[in-house]
Amino acid sequence: MSGEPAIISAELNTESRPTPAGPLGSIYALVADDFADVNSLIPRQLTSDVDMVEEISQYIVESGGKRLRPLMVLLGTRALGCSGPAQIRLATVIEFLHTATLLHDDVVDHSVLRRGRATANATWGNAPSVLVGDFLYSRAFQLMVELNSMPIMSILSDATNTIAEGEVMQLANVGNCEISEASYLEVIRCKTALLFQAAAHTAGVLAAGSAEQIQALKLFGQHFGLAYQLVDDWLDYAGDSEAMGKNVGDDLAEGKLTLPLIAALQASGDTGSRVIRQAIEAQSGEHLPEVLRVVKDSGALDYTREAARRQSELAVDCLSVLPESPYRQALDDLNRFCVSRLS
């Protein structure tokens with residue numbers, strides 16, 4: 001590591017974050033006031049007597065991203081007629097939990113770039129990043145206590161525990177060319193989909209929805225999260241590095257098998273399978289052109305695309321039990337945006 005980390009202003013003006021353009025713009029606009037309240041609460045909850053804690057926390061929280069998980073809280077609660085300070089606090093909790101997982105993920109993956117910007121661990125080092133991730137987790141739980149809802153605390157504490165298990169499952173499977181599709185889907189359910197699920201689930205609980213509505217929101221979040229990760233998997237082999245903010249084939253270089261590789265291994269002959277196995281064993285991006293050829297020729301990209309679309313369709317089906325409203329429609333639109341990246 002060279003140079004000094006950039007100093008982030010303690011007076012971060014998160015309320016001036018621009019509304020995303022394009023298809024997401026109208027969705028965010030629907031809850032613009034709520035989002036302004038979330039963006040105001042976040043920096044107030046990042047204060048610390050330890051300068052580095054505050055500096056790194058603000059750096060990672062403000063490093064970009066669409067904040068889809070807190071958005072899901074805002075839309076889910078509004079869809080059931082709930083709004084107010086508790087809704088804002090819950091959305092902030094979800095964002096802090098997500099941010100903590102990003103800090104830990106980047107350390108585990110030795111990542112140096114996220115969303116086109118240097119990661120916290122590349123700037124400050126691994127130890128401070130892990131410890132600030134712990135700070136964000138603990139601050140999230142402090143906010144949970146203020147919600148004074150044992151059901152919400154139960155959902156989120158179980159979720160964070162399972163997310164950690166998902167991280168370990170993924171780590172244990174690095175270089176494992178025998179992982180099945182079912183096992184991989186369980187990894188991404190735990191690692192990625194569960195926080196979307198928890199966001200939607202707790203939104204239903206906070207809004208005091210019916211048992212059917214709460215279950216529908218929970219399943220919507222799960223299927224949306226699975227679709228979201230599968231789209232990312234597809235993009236890692238079909239997208240471009242500029243659009244992704246990272247190098248295409250990062251998972252390959254890290255020795256991770258995602259669905260495109262798992263499907264390609266199953267559909268390719270001995271030669272194609274050998275190319276993938278050698279690349280995974282080497283854990284290097286230098287084999288990417290050959291692997292891309294095998295993945296595309298095997299039909300694995302089409303297979304992954306259809307898997308993502310199936311999850312998206314299941315998510316849409318969950319919304320039918322919610323009352324008709326612009327917020328329910330926005331959840332539908334958000335889901336459709338997710339799979340629109342498959343182009």
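Here are a few things to note about the model shown:
- Residue count, the stretch 248-297 (criterion: under 22 Å from A308 (Cβ atoms) and crowded, with 16+ Cβ neighbours inside 10 Å): 24
- Residue that is of a type outside the set (G, A, S) and under 20 Å from L24 (Cα atoms), where the choices are R89, R69: R69
- For the criterion of being in contact (Cβ under 8 Å) with a residue 12 or more places away in the chain and over 28 Å from P43 (Cβ atoms), I155 fails.
- When A122, A127 are screened for being touching a residue at least 40 places away in the same chain (Cβ under 8 Å) and among the small types (G, A, S), only A122 passes.
- With respect to (1) farther than 19 Å from H287 by Cβ; (2) at pLDDT 85 or above, the lone exception for G245 is condition (2).
- Among the residues making up the stretch 103-117, those that are out of contact with any strand residue (DSSP E or B) (no Cβ under 7 Å at 6 or more places or on another chain) and either β-branched (V, I, T) or crowded, with 17+ Cβ neighbours inside 10 Å (or both) are L103, H104, D105, V107, V108, D109, S111, R114.
- Close pairs from the stretch 276-297: first more than 13 Å from D250 (Cα to Cα) and assigned to a helix (DSSP H, G or I), partner of a type in the set (D, E) and at pLDDT 85 or above, Cβ under 9 Å, at least 6 apart: I276/E290; Q278/E290
- Output for the stretch 173-232, where each listed residue is out of contact with any Gly (no Cβ under 6 Å at 6 or more places or on another chain), surrounded by 20 or more Cβ atoms within 10 Å (Cβ to Cβ) and among the basic types (K, R): K218
- Spans of helices (runs of 4 or more DSSP H) in the stretch 28-135 with at least 3 residues more than 23 Å from L171 (Cα to Cα) and more than 18 Å from the chain's Cα centre (by Cα): 32-44, 51-61, 68-79, 85-108
Matching residues to (1) farther than 18 Å from Q222 by Cα; (2) at pLDDT 95 or above; (3) among the aromatic types (F, W, Y):
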| site | (1), (2), (3) |
| --- | --- |
| R114 | yes, no, no |
| A120 | yes, no, no |
| T123 | yes, no, no |
| A127 | yes, no, no |
| L136 | yes, no, no |
| S149 | yes, yes, no |
| S154 | no, yes, no |
| G166 | no, no, no |
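- Single unsatisfied condition, Q311 versus (1) among the polar types (S, T, N, Q); (2) surrounded by 20 or more Cβ atoms within 10 Å (Cβ to Cβ); (3) over 30 Å from L74 (Cβ atoms): (3)
The values are calculated or read from the model by the stated rules, or taken from the named source; none is laboratory data. Keep in mind that what you see is a predicted model, and the values were worked out from it rather than measured. Quick reminder, even Gly has a Cβ in these numbers, built from the backbone with ideal geometry, and neighbours come from all protein chains shown.
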